Each structure stands twice: as structure tokens, then as C-alpha cells.
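*Asks:* Supplied in C-alpha cells, the structure appears directly below.
The values are calculated or read from the model by the stated rules, or taken from the named source; none is laboratory data. Quick caveat: nothing in here was measured; it's all calculated off a predicted structure. Here the Cβ is made from the backbone with ideal geometry for all residues, glycine too, and neighbour counts use every protein chain on show. These area figures cover heavy atoms from the full protein model, side chains too; ligands, DNA and RNA do not enter into them. Shrake-Rupley method; radii C 1.70, N 1.55, O 1.52, S 1.80 Å.
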Amino acid sequence: MDLPELAPGFHAQALRGLGRIHRVTGTVGQAVTPLMQLQARLGRALRVLDLACGRGDVARAVEARLRREQPESIVDGVDLSATAVALANEAAQRPGAFRRLDLLQDPLPEGYDAVLCTVFLHHLDEDNVYRVLRGCAKFSAGCMVDLRPGRWARIVTRVGVRLLSRSPVVHYDGPASVRSAIEPAALQEIARAALAEAHPDVRVQTLSPTRQRLVWGIDG
């Protein structure tokens, strides 16, 4: 799914499959829960930036959940893929909510309370995970949900991608993603090195045998 030469039609099919997987596996709930806690603590609407947003499924769903309590909350998104950004903006309620950005080359935009990222960090090697997290240090809070490695995760993913998507890209990418997922202890070490100077409360939480969550700045 990360290949730049991937044809737009195959990419769009893969993104639809990924959206379905997010709905079934509860990605939105895993992502929005800390942000709702932050919004309640601050007592105001949040501005959130979703990194590697794909076609914006998670960003739109998180925004809808946050708006139940604070109608002015927004979740914008950035992604390297022009195909993903175009699809995200087609479905967006606000013009220009999604834009193209290279997380490894471009500075992250200002003006957001928190940064969000779902099921993406495993696509990067550890040096680039550190690089992305260093760029996120300027945000007062963050929530990053990702895969956990392990035998159970491999089995669930291998079966799940076949049931939930017809995309051959997703069929390959799902198991490959679990194989490249970062061990929780390693993710904690990288996050502390990248963020702890600004955010000493950074921590990795176990969500399930297949998911983990990196958070900071949520509890104040």
C-alpha cells in the first residue's frame, strides 16, 4: 500500500478494505477514547491532526465523536498519497480538511492541540519512527494506535484481511504489517527518547493481543 507506483484503482480498493477493517476492529474507539478524555479535561473543542490519514475514515469518525460534546471540534488529516487525500476530501464535510504531506520530509502544521495516528508506525523503521515522533513533540498531546507483533496477531490478521477485503494489496499488507510491528518495549524506548524531554508522561498501553497505543499529554 506504500508503493508510489501502485495504481490508483488498486490503492482505492485497498483503502476501502482498510476502512472496513478499522470499523470491525474498533480502531475509532481505540483512537478517540484518550482524545475525549483530553477534551473533557480542557472543557473546550479540540483541533486534532491525523497523520497518515488514508481516505479519512478514522479522522471523520473521531471528529463526529468529539463533536457530540464539543460541536466545534475538528480533525484534519495529512497523507503522502495523492490518491488517499483526494478520496478523503471527496468525503469530507469541510473543504481542505485533508492535504498531502510527507511525514519524513515536511514539517507538521501548527495550530493543533493533539496529534493522532492509527495503524501506521509499523510501516517505518525505528529510526524513522523516532524522526516522526520528534516532529510530534511540539503537540501538547498525542494518541497513536498501532499493531502489536506476535503469533496471535499474525493468525487474526491473516484470517481477518481475507474476510474483510477483496484487495490483494490488503491480503499481502496485513500479515506483512504484523511482521514489521514494533515490540511494545521498543516502542516505549523510542517514544521516551523522542518525546520525554517535552512529555515525561509518554507511555505505551496494551489494548489487546493485536493492538497497542502510545499516548502523551492526555492526563495533564
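*Asks:* Can Pro34 be described as over 12 Å from Cys143 (Cα atoms) and either of a type outside the set (Gly, Ala, Ser) or crowded, with 24+ Cβ neighbours inside 10 Å (or both)?
*Replies:* No: the conditions fail for Pro34.
*Asks:* A further question follows. Leu35 - would you say it is within 19 Å of His199 (Cβ to Cβ), in a helix (DSSP H, G or I) and of a type in the set (A, V, I, L, M, F, W, C)?
*Replies:* yes
*Asks:* In region 125-146, how many residues are over 23 Å from Asp201 (Cβ atoms) and of a type outside the set (S, T, N, Q)?
*Replies:* Summing the residues that are over 23 Å from Asp201 (Cβ atoms) and of a type outside the set (S, T, N, Q) in region 125-146 gives 2.
*Asks:* Considering every residue within region 87-104, establish whether at least one is basic (Lys, Arg), more than 30 Å from Ala186 (Cα to Cα) and in a strand (DSSP E or B).
*Replies:* yes
*Asks:* Which ranges mark the helices (runs of 4 or more DSSP H) fully within region 119-219 that have 2 or more residues being modelled with pLDDT under 70 and in contact with a helix residue (DSSP H, G or I) (Cβ under 8 Å, 6 or more places away or on another chain)?
*Replies:* 151-164, 168-179
*Asks:* Enumerate the pairs (first residue in region 84-97 and of a type in the set (S, T, N, Q); second residue anywhere and open to solvent by less than 50 Å² (accessible area, probe 1.4 Å)) with beta-carbon separation below 9 Å, excluding pairs fewer than 6 apart on the same chain, so at least 6 apart or on different chains.
*Replies:* Hits for this filter: Asn89/Gly56; Asn89/Ala97; Asn89/Phe98; Gln93/Glu63.
*Asks:* What tally of residues in region 53-73 results from selecting those that are out of contact with any helix residue (DSSP H, G or I) (no Cβ under 8 Å at 6 or more places or on another chain) and within 20 Å of Val119 (Cβ to Cβ)?
*Replies:* Residues flagged as out of contact with any helix residue (DSSP H, G or I) (no Cβ under 8 Å at 6 or more places or on another chain) and within 20 Å of Val119 (Cβ to Cβ) within region 53-73 amount to 2.
*Asks:* For region 62-81, name all the residues that are in contact with a Lys or Arg (Cβ under 6 Å, 6 or more places away or on another chain) and either among the hydrophobic types (A, V, I, L, M, F, W, C) or free of Cβ contacts under 8 Å to residues at least 24 places away in the same chain (or both).
*Replies:* Matches in region 62-81: Ile74, Val78.
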